Amino acid sequence: MGHTRTDSTRRYECAHLICDYLLTKKMSRVVVTSREIALFHHLSRKSSQSISAMLNFLYTNHIRESRFGFYIMGTSPLRKCDYPHHYTIELIDEARGLL
């Protein structure tokens, strides 16, 4: 199954969508799919794929940087087919101050 590549500008846009999702819901930790984030923002399926690609990039490369505003604690498959994933996302301390 191919994955969508996401450039660095798009990663920051996706990170903003994820942080906005968490801050609007007043949550510092959430278990969510990329589709749920896209639906929350009334975005297309293509946007959901970009969000998923960015989350996979951050998770597989173990990136935990404050510039994104959050980090991924883990993933779990939604179904037995191993795709899509539930992502356990937590805001980084700096972003929590905005709650």
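Filter segment 5-27 down to the residues that are buried (at least 16 other Cβ atoms within 10 Å of the Cβ) and of a type in the set (S, T, Y), then identify the one that is nearest to G74 (Cα to Cα). Step by step, filter segment 5-27, then rank; the result is Y21. Set side by side, the residues I72, I89, I51 differ, and just one is modelled with pLDDT of 90 or more and in a helix (DSSP H, G or I), which is I51.
In this structure, does S66 turn out to be over 16 Å from L91 (Cα atoms) and either modelled with pLDDT under 90 or not polar (S, T, N, Q) (or both)? Steps first, please.
On the way: over 16 Å from L91 (Cα atoms): no; either modelled with pLDDT under 90 or not polar (S, T, N, Q) (or both): yes.
For S66, the condition - over 16 Å from L91 (Cα atoms) and either modelled with pLDDT under 90 or not polar (S, T, N, Q) (or both) - is not met.
Among the residues of segment 27-48, the ones that are of a type in the set (G, A, S), in a helix (DSSP H, G or I) and over 11 Å from I89 (Cβ atoms) come to 3 in all. Residues in segment 45-61 that are hydroxyl-bearing (S, T, Y) and surrounded by 17 or more Cβ atoms within 10 Å (Cβ to Cβ): S47, S48, S50, S52, Y59.
Among the residues that make up segment 34-44, is at least one of them of a type in the set (G, A, S), touching a residue at least 24 places away in the same chain (Cβ under 8 Å) and crowded, with 20+ Cβ neighbours inside 10 Å?
In the first step, residues of segment 34-44 are kept if they are of a type in the set (G, A, S); the result is 34, 38, 44.
Now narrow it down to the ones that are touching a residue at least 24 places away in the same chain (Cβ under 8 Å): 34.
Among the residues that remain, those that are also crowded, with 20+ Cβ neighbours inside 10 Å are: 34.
Yes, segment 34-44 has at least one match.
The values are calculated or read from the model by the stated rules, or taken from the named source; none is laboratory data. All values derive from a computational prediction rather than experimental measurement. Note: ideal-geometry Cβ built from the backbone for every residue, glycine included; neighbour counts use all protein chains shown.
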